[in-house]
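Working notes, beginning with the structure itself.
No lab work stands behind these numbers, since they all come straight from the coordinates. If you're wondering where the values come from, they're calculated on a predicted model, not measured in any experiment. Every residue, glycine among them, receives a Cβ derived from its backbone with ideal geometry; neighbour counts consider all protein chains shown.
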Amino acid sequence: MSAGAANGAGTRLGRLAQRARADRTEAQEKCDLCGEPIPAEHRHLLDLSNREVMCTCQPCRILFDRQAAGGGHFRLIPERRLRLSEFELPDAAWEELRIPVDMAFFFHSTAAQRMVAFYPGPMGATESLLELEAWKSLARANPLLGSLEPDVEALLVNRARGARDQWIVPIDDCYQLVGLIRLRWRGLTGGKEVWEEIGHFFAALDQRSTEHAPQFAT
């Protein structure tokens, strides 16, 4: 295992983590492309060369609305958030994925030309060796996973402390969670504060997500 490419977002992790706190004080932010001031709520681009998350103003965002507009270098991060009801991920299938902790996110990496798995921890995001056949079995059981937009959308799984929750999220949500854990983790088990913050993160994610249940033919 290695500290994966997701840590390329390090320059943005602290700021993204702070957005998860309701009592934060907002500094005036600027577009990372043109330098114009932007509001607290704004879209992000992903720099595919280093996986850095970049803040963008509305005019610059419009330029990257089409996937080809970034010339293969930048990609606009979408806003789709789906809470996945009746998601097929039994304990045995999770074990076959060989994730060493109970929280992880999965996305298709254009650079690696495959699905990759990362898990958050006190050192940031760490890549886990993903068993390809195990992922293929999961994708067959859950066809919606085929709709993940490469690089910028992820399957986020939370099985910590008895949870069994899954979402499709923008990749910057995953980096926000990574930053939160890295900044707040204390000692061997994380401490009370980090687990409270993790709980707030997932509660806020639920509020922003649309419930998705598979449609069965009758």
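Amide H contacts of SER128: ALA117, PHE118, TYR119, each under 5 Å away and 5 or more positions distant or on a separate chain (H built 1.01 Å from N in the peptide plane; Pro and chain starts excluded).
Backbone geometry of segment 82-98 corresponds, through the Karplus equation with coefficients 6.51, -1.76 and 1.60 at θ = phi - 60°, to 3J(HN,Hα) couplings of 10, 7, 9, 7, 6, 6, 8, 8, x, 4, 5, 5, 4, 5, 5, 6, 6 Hz, x marking Gly and Pro. Each of TYR119, TYR175 was scored by other Cβ atoms within 10 Å of its Cβ. Listed from fewest to most, they are TYR119, TYR175. From the square roots a ≥ b ≥ c of the eigenvalues of the alpha-carbon gyration tensor of segment 66-158, which class results: rounded (a/c under 1.5), prolate (a/b over b/c), or oblate? Cα axes put segment 66-158 in the prolate bin. 3J(HN,Hα) along segment 132-140: 4, 5, 5, 5, 4, 5, 5, 5, 5 Hz, from the Karplus curve 6.51 cos²θ - 1.76 cosθ + 1.60 with θ = phi - 60°, whole Hz, x for Gly and Pro. Amide hydrogen proximity for GLU52: with H placed 1.01 Å from N in the peptide plane, the residues at 5 or more positions away or on another chain lying under 5 Å are ASP47. Summing +1 for each Lys or Arg and -1 for each Asp or Glu among the other residues whose beta-carbon sits under 10 angstrom from that of ARG186 gives +1. Taking amide hydrogens as placed 1.01 Å from N in the peptide plane, the amide H of TRP185 sits under 5 Å from that of no residue at least 5 positions away in sequence or on another chain.
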